[in-house]
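The values are calculated or read from the model by the stated rules, or taken from the named source; none is laboratory data. Keep in mind it's a predicted model, so treat the numbers as computed, not measured. So basically every Cβ, Gly included, is an ideal-geometry build from the backbone, and we count neighbours across all protein chains shown. Accessible surface is based on the protein model in full, side chains and every heavy atom, while ligands, DNA and RNA are left aside. Shrake-Rupley method; radii C 1.70, N 1.55, O 1.52, S 1.80 Å.
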Amino acid sequence: MSSKAEALERVRRHIKTQYDMPEIQIDGIQFADKVARFAEVLQAVGGKAVELKSGEDLNELICAHYPEAKIIASNLPEITLATINPDEASNPHQLNNIDLAVINGEVGVAENACVWIPQLLKERVVYFISEYLVVLLDKSALVHNMHEAYEQIDFHDKEYGVFISGPSKTADIEQSLVVGAHGAKGLLVVLI
């Protein structure tokens, strides 16, 4: 038994009175156009959202946004421009110097333009070590707010997941902004 399970078991043994959980009704924010709101907020935080048009080639769209990218990592079969499948790396150090990573997102949130990224790669370091990140997201997976997002995500079957919104950035006490401090310098979300 893990220390967490053991601690929870001890708490359960010592609880004398049980109370039912209260019924909570949360009316989260709603938007007339989730796609437009998502794109607007993502741009405000330094990212970009584009919609894949009918008949448009996904690989060409990505190349048009990142023509300088040489080392492109993806385990998605539809990404034919990938030069490395990160799942085939024998250790994470082989994934150094990735110019661009193309991954799938599971849920997008219009309220704050974040995308839930479950661990769909063997090495999750790819999400943060690549210079630029492209996230493919089904438009039907966009929700209005975080309350709706949490209802969509099954946390029990995931070992790891992260919400990503825009490129990585941080600022020191002198307000000097650094982009790409702990992750990608740029984020493109392709709405499919």
What pairs come out if I take residues in region 95-111 that are assigned to a loop (DSSP other than H, G, I, E, B) and pair them with residues that are aromatic (Phe, Trp, Tyr) whose C-beta lies under 8 Å away, six or more apart or interchain? Asp99/Tyr66; Asp99/Tyr132; Gly105/Trp116; Glu106/Trp116; Ala110/Phe31; Ala110/Phe38; Glu111/Phe31
Qualifying residue in region 167-183 (condition: within 16 Å of Gly105 (Cα to Cα), in contact with a helix residue (DSSP H, G or I) (Cβ under 9 Å, 6 or more places away or on another chain) and not small (Gly, Ala, Ser)): no
Among the residues of region 61-75, is any farther than 20 Å from Leu120 by Cα, out of contact with any strand residue (DSSP E or B) (no Cβ under 7 Å at 6 or more places or on another chain), open to solvent by less than 80 Å² (accessible area, probe 1.4 Å) and of a type in the set (D, E, K, R)? no
Pairs under 6 Å by beta carbon, first residue farther than 17 Å from Val135 by Cα in region 62-91, partner open to solvent by less than 40 Å² (accessible area, probe 1.4 Å) and modelled with pLDDT under 95, six or more apart or different chains? Ala89/Leu95
Counting just the residues of region 113-149 that are open to solvent by 60 Å² or more (accessible area, probe 1.4 Å) and over 14 Å from the mean Cα position of the chain (by Cα), which one comes out farthest from Leu95 (Cα to Cα)? His147
All positions within region 121-165 that are of a type in the set (Lys, Arg) and assigned to a loop (DSSP other than H, G, I, E, B): Lys122, Arg124, Lys158
Would you please name the residue that is most open to solvent (accessible area, probe 1.4 Å), looking only at residues in region 3-35 that are more than 29 Å from His147 (Cα to Cα) and in a loop (DSSP other than H, G, I, E, B)? Lys16
